[in-house]
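The values are calculated or read from the model by the stated rules, or taken from the named source; none is laboratory data. The shown structure was predicted, so the numbers you read here are calculated from the model rather than taken from an experiment. Methodologically, a virtual Cβ is constructed for each residue, glycine included, from the backbone with ideal geometry; neighbour enumeration extends over all protein chains shown.
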Amino acid sequence: MTFLTSTSILTPDHFLPAIFVSSVGPVWYEVCGVSKPNLPAPGVWNHADLKPIGVPANAVAVDLRGILIITDGANSGDTSIGVGFQIPGDSKPVGNYAMQTCAVGPTGGSRSNGSAIVPCVNGCIQWFWYRGNVGEWPANPLHAQYPAGASYGFNLDIHAIYMP
């Protein structure tokens, strides 16, 4: 296992918006506060360039923190959402996630805090998400859109930047 060395930590004077995903219509997906046209598919590595919000190109890692959300629909069973990260350019299979929240039964929901220190390359990170009712996890098509099926979302901000 290789560890990266940081010698200083930058703490922004306000939290920097990194990734926002919501499956409730209209579907909403943002990276660094900029809206994207399509919700990324679950179970696929996604690239996020954090330089536009002030992450230096030579940053070693960022401290991401936020909330994972599930709102069960009328026909939802057990639901779950997970978010994972890797160093950009790595070729790990998708599957190990750093954050997860679960809800049990219909018409309920779950809100859980999550945090991860995520390695950067050139001010960029890679991330994926899983979501699903029973039979949909980790990346199969949703059985039903909200309000019949569950809705999913997460909002992650940068709380610190680790520098070499």
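Details
- Any hit, the stretch 117-134, residues being charged (D, E, K, R), modelled with pLDDT of 80 or more and farther than 26 Å from F15 by Cβ: no
- Taking (1) free of Cβ contacts under 8 Å to residues at least 60 places away in the same chain; (2) surrounded by fewer than 21 Cβ atoms within 10 Å (Cβ to Cβ) in turn, V118 satisfies each apart from (2).
- Candidate set: the stretch 16-34, residues that are surrounded by fewer than 17 Cβ atoms within 10 Å (Cβ to Cβ) and touching a strand residue (DSSP E or B) at 6+ places or on another chain (Cβ under 8 Å); chosen: the one farthest from I161 (Cα to Cα): V24
- Residues that are closer than 18 Å to E136 by Cα, among the polar types (S, T, N, Q) and modelled with pLDDT under 85, drawn from the stretch 60-113: T71, N75, S76, T79, S80, N96, T107
- Filtering I125, I158 for residues that are in contact (Cβ under 8 Å) with a residue 40 or more places away in the chain, crowded, with 22+ Cβ neighbours inside 10 Å, under 30 Å from T5 (Cβ atoms) and touching a helix residue (DSSP H, G or I) at 6+ places or on another chain (Cβ under 8 Å) leaves a single hit, I158.
- Considering the conditions (1) over 23 Å from I161 (Cβ atoms); (2) in contact with a strand residue (DSSP E or B) (Cβ under 7 Å, 6 or more places away or on another chain), S91 is excluded by exactly one of them, (2).
- Among the conditions (1) buried (at least 18 other Cβ atoms within 10 Å of the Cβ); (2) over 17 Å from the mean Cα position of the chain (by Cα); (3) over 19 Å from T101 (Cα atoms), A61 misses just one, which is (2).
- Inspection of the stretch 35-56 identifies at least one residue that is within 16 Å of W129 (Cα to Cα), surrounded by fewer than 14 Cβ atoms within 10 Å (Cβ to Cβ) and of a type in the set (A, V, I, L, M, F, W, C).
- Among the residues of the stretch 112-164, the one identified as polar (S, T, N, Q), under 17 Å from T71 (Cβ atoms) and assigned to a loop (DSSP other than H, G, I, E, B) is Q145.
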